[in-house]
Each structure stands twice: as C-alpha cells, then as structure tokens.
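Asks: Just passing along the structure, written as structure tokens.
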Amino acid sequence: MSDQPDPLQERLNQAFATTRPRRGFEDELWSRIQARRSPWARFLESARRVQLGPAVAGLAVLLVVVLAGGLLLHGRPGPSGAATSAGGLSPQGNGPQAVQRGGAANADLQTFGPLPQPLQPSSGYPGPVTVTGATGSVALPARLPVTRYREWTVAQADAFAASFNARPAGPTPPGALGRYAGKDFTLVLYPTDPAGGTEPRVVITPAPGALRAGGSDDAAVVTAVTDYLSRFDVAPGGSAQGPTVTRSGDQVQVRWALSPLRQGWSATLGSDLGIQSAEAPLPLSPEVATYASVNNQQVYIGSGGGPNVVLDSAALTYVVASDGTYGYFEPVIRYSGHFTQGGVTYEKQILVLAVR
Amino acid sequence: MPGDKPPFEELYRDFLNRIYAYVRAQLGSQADAEDVTSQVFIKAWEAYPRYEPQGATPASWLFRIARNAALDHLRSAGRKERLARAVAHEPEAVADPAELAAERIQHRALLALVERLPERQREAISLRHSGLSFAEVGSILGSSEDAAKMLYHRALRVLREAAAEETG
C-alpha cells in the first residue's frame, strides 16, 4: 500500500481482510483436496504417521518403485463400494487389518481372496507351447502388494456423464460403458480393459472448434488441454509425469504418463489448435493388500502341447486385470523364451501370477 | 520474493482467506466465491508439482490461477445474471442479515462497489488490497509495475466517486 493510506484505502484493506469464507469451508475444501491425493502418497504418509516397522516401510518403497506412481483419486466420487482405500491404512482407517495393527509384513495380512488370472500377452507366438524348462528367475520379496478398485458400472458412467449435463447418445462403442452427448462434447466411458492393458477411462471429443489453444507454443497447448480436462474433473494430478508435447504433421499430441505400466492422459489437437480428442483415467477408489509371493518352483508351467521352448528370461511386472466386479493391478512374472519353427524364430511370453 | 517451495498445506493455510476475499470481490456471491475458490485450490494442488518458485512468488502464482478461474466463471452462463444484478444495483441476498455487524455490512457494500468496477480496475484494486505488491499485480495483469500502479490509482478514483454517489 502507499505510505499513507487514505480512508478509502483503509476501508478497502479492512474489507478484504475481514472477508472470510463461511465457517467449516476451510476444512471441507482441505478434505476435498486430500481426497484427490495419490493413495500411494497417503499410504506413505499413513505409514510414517503410525511408524510402521521397517518391513512395511520397505513395502511402501516397493509400492512406489514397482508401480512408479499412484492410482488416481479425484474429488468427483468414483465407483462406490470399495471397502477400504489406501488412505485407510492410518489407525483411524479401516484398511487391511494386519496393516492396521502396524506390524511387519507378516504372512497373515488380509487379502482380497483369489485374484483373476492375467490375460496372456497378444504379442509374440500366440499358440500353445511345451515348456521344457524355466531357467529364468526373478528374486521376489516375501510379499507383494496388489491394488484393487471397484469396477465402473453403466449406472456410474451414466451418473458421471449426467454431472456434466451429458445424456446417453448411442451407439455405444464395443466394450464401452456408454456414450454420452453434452452441449459441445461427447464422452465415451470404458471399464478396465485387460487386453488393452488399460484401467477405466473416459474419452472426450469436443465439438469441432469448441475449444482452441491460445497459441501454438507448448505452454499454450498444455494449458488448453489441462483446462479442458479440468472441466471434467479428470485433469492430470500430482502423480502425473510430464507433459510431453509431440508434433507430427498437422497434429499436436500432449501426454502425461502415470507410470511406465499405466496409461495416463493424452489429447490430440489439429492444425487449427482445436482439441480433437482427449483421454483420461477415470477416478478410482483403490485399496491395497499384500499377498505372499510365489516361489520359482510354483511357477513352472508344464506341457501345453506345441513347440518346445525354454523360458530363459523372467521379469516382475504389473498388469491390469478384472473379475467384472473389481479391477486389479496385480504382480505377474513375465517369462519369455525363444524357439525356431520352420526357420522362423519366435518369442513366447507367458504371464504367471506372482502371488498366491 | 521467489524462493523455496513451501509445502502445499502451508500455502493453503496462508492464502485461503485472501484468495476467497479476492474472488468474492470479483463475483459478489458467497456461493460462487466458494465454488471458484475451491476450483482455484484444486487446480493449484494439481499444478503444484510443476510450480517453480523461481518463476513467481506463491502469491502471484496463486492469484494468477484465481484470476483465470474468476474470469472463466464470469464468462460462463452466470455472467448475464451478474451483470443484470450489477445494473439493477440489486444487493446480494444475505443468508442471515441479523447476524451481520454494521461494519461488515459496510465492507460488503464497499466490495459490491469494487465488483461493479471495469474488469481491470476491479482486478487491480482486489489484487492490491489482497496484499500483493504492484510488481506482482503487474505481473498477473500482464503489465509493468508502473502501469499497475497507474491502473490502481485510476480505479481508486473511480471507486471514490462511486462511493460518494452511493452515500450522497
């Protein structure tokens, strides 16, 4: 302010200084912001708060390293019904019981029960093989985390679309939960797609010319896409990595990664800098449990009736799976080996659940 | 001055009331101000990993987000209603006027006058009296520090005249 504020300036100072939101607003908003934080971040914070033992702290690190990022948890409510969330691992929460007790990663940690088998990869040799040996091995920790979330349903997709004044507008693309038309956009919501390796997501198609970036530089393009995704409460959050902007021909693509293993956000803009389509993960309410790892002996596959192959390579990774009610990020061992048939060398990949 | 990056929670605690007051002066209604303030802090939280304190003070960074959100809101469907209210000089409905002290009513009336200023004048007054330096105001409004100072004093003059009309 100036050195000697006049009475009007004084009144303005007081008016601005005494204008406050209603009581309770600060806490409500902070809770909403907290709810949008990555469950992994909240898990780590909870672990620190309850001073879990070194083994569980190690698990937390493993969670971060293996998945290299967190599930989304947006403010807009995702599918309900998930019993617990990663954030529930605090003493006040109702997460998996053994973790609540705060001990080391013991064998009696509560699990989600049987997990769906991973879908076998479509790349490589598609037919059956006879596994004559599995020499590849990977060192596994005693237990591995599994993340589960309630699958999106058609009713929830309808509600999500309705919250943006969008109504069902067929035809629904194959595998989608629904297609919806709003004033100047179309939404298509998809559930987990294990074949495509994607978690629940929404594809947003603005009407042509509905939204253009304010400039052609990367910053303007990224701002336009972020703002557009924010309209639907699916903007990249704190766990997003990026963005990267790539230009090819007349098109500009903006992407944020979630992790090397998970789909993130993307958008395509045309030569007029209008957003042509955008895609984002849908809000999820994840919960985490740990499972006992398999040992390499348990992984042996046996005969499948086909060319002989030795699986001489193994790596731990995570895949998305679904049993219809829940979607999972589950750890698998990706075995691979090569064989030659008819003068052609093929690679065979086999995924095996890494937990039991 | 730009410097270390404080925890987001600290930013939230320090700036919530100031951002709310700024937004309230732009939009008038309590409900709209709460909605937009929520959007501001949610956007800020989402963008915080990319925020570089070397590029802008936390205040300018947050108020820039707040300004954009308020402008978006004003340009949306609610704009007509706001303009109509401003033209009619219709006072904003108050949930429970009996609870408001006379001073607060005066403050509200003053903010209502601020709300009716032309856009950039309104922003200059609001940003300045939200505690920002002229350099920060200029940075947010895309002008120099001197230009921000001139704009502010012009706005103050208009406001003074409007206040005199209101009382006289």
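Asks: Quickly rank B:53-64, B:34-45 as a protection proxy: mean count of other C-beta atoms within 10 Å, highest first.
Replies: B:34-45, B:53-64
Asks: Moving to a separate point now. Taking θ = phi - 60°, what integer Hz values does the Karplus form 6.51 cos²θ - 1.76 cosθ + 1.60 yield along region A:227-235, in sequence order, with x for Gly and Pro?
Replies: Once rounded to whole Hz, the list reads 4, 5, 5, 4, 4, 9, 6, 10, 5.
Asks: Using a simple spin-label model with points 7 Å from Cα along the Cα→Cβ vector, what separation in nm is obtained for B:Ala109 and A:Gln14?
Replies: Between B:Ala109 and A:Gln14, the label points sit 1.3 nm apart.
Asks: Can I ask one more? Please compute the modelled spin-label separation between B:Arg13 and A:Gln4, points set 7 Å along Cα→Cβ, answer in nm with one decimal.
Replies: 3.9
Asks: Here is a follow-up. Would you mind checking region B:20-35 for residues with the amide N under 14 Å from a putative spin-label position 7 Å along Cα→C-beta of A:Asp184?
Replies: none
Asks: Where does the charge balance sit around A:Ser266 when Lys and Arg score +1, Asp and Glu -1, over other residues with C-beta under 12 Å from its C-beta?
Replies: +1
Asks: Further question on the same structure: Taking R0 as 22 Å, what's the FRET efficiency between A:Val245 and A:Thr317 from their Cβ-Cβ distance, rounded to 0.05?
Replies: Working from the Cβ atoms, E equals 0.20.
Asks: Can I ask one more? Estimate the FRET efficiency between A:Ala195 and A:Thr340 by the formula 1/(1 + (r/R0)^6), using the beta-carbon distance for r and 25 Å for R0, to the nearest 0.05.
Replies: 0.35
Asks: Starting from the Cα of A:Asn308, step 7 Å along the direction of its Cβ; do the same at B:Ala162; then give the gap between the two resulting points in nm.
Replies: Output for this residue pair reads 8.9 nm.
Asks: Net charge around A:Leu115, counting only other residues with Cβ within less than 10 Å of its Cβ (Lys, Arg = +1; Asp, Glu = -1)?
Replies: Computed value for this residue: 0.
Where a number appears in this text, it was derived from the coordinates with a stated rule and is not lab data. None of the values given here were measured: they were computed from a predicted structure. Counting neighbours? That spans all protein chains shown, and the Cβs are built from the backbone with ideal geometry, glycine included.
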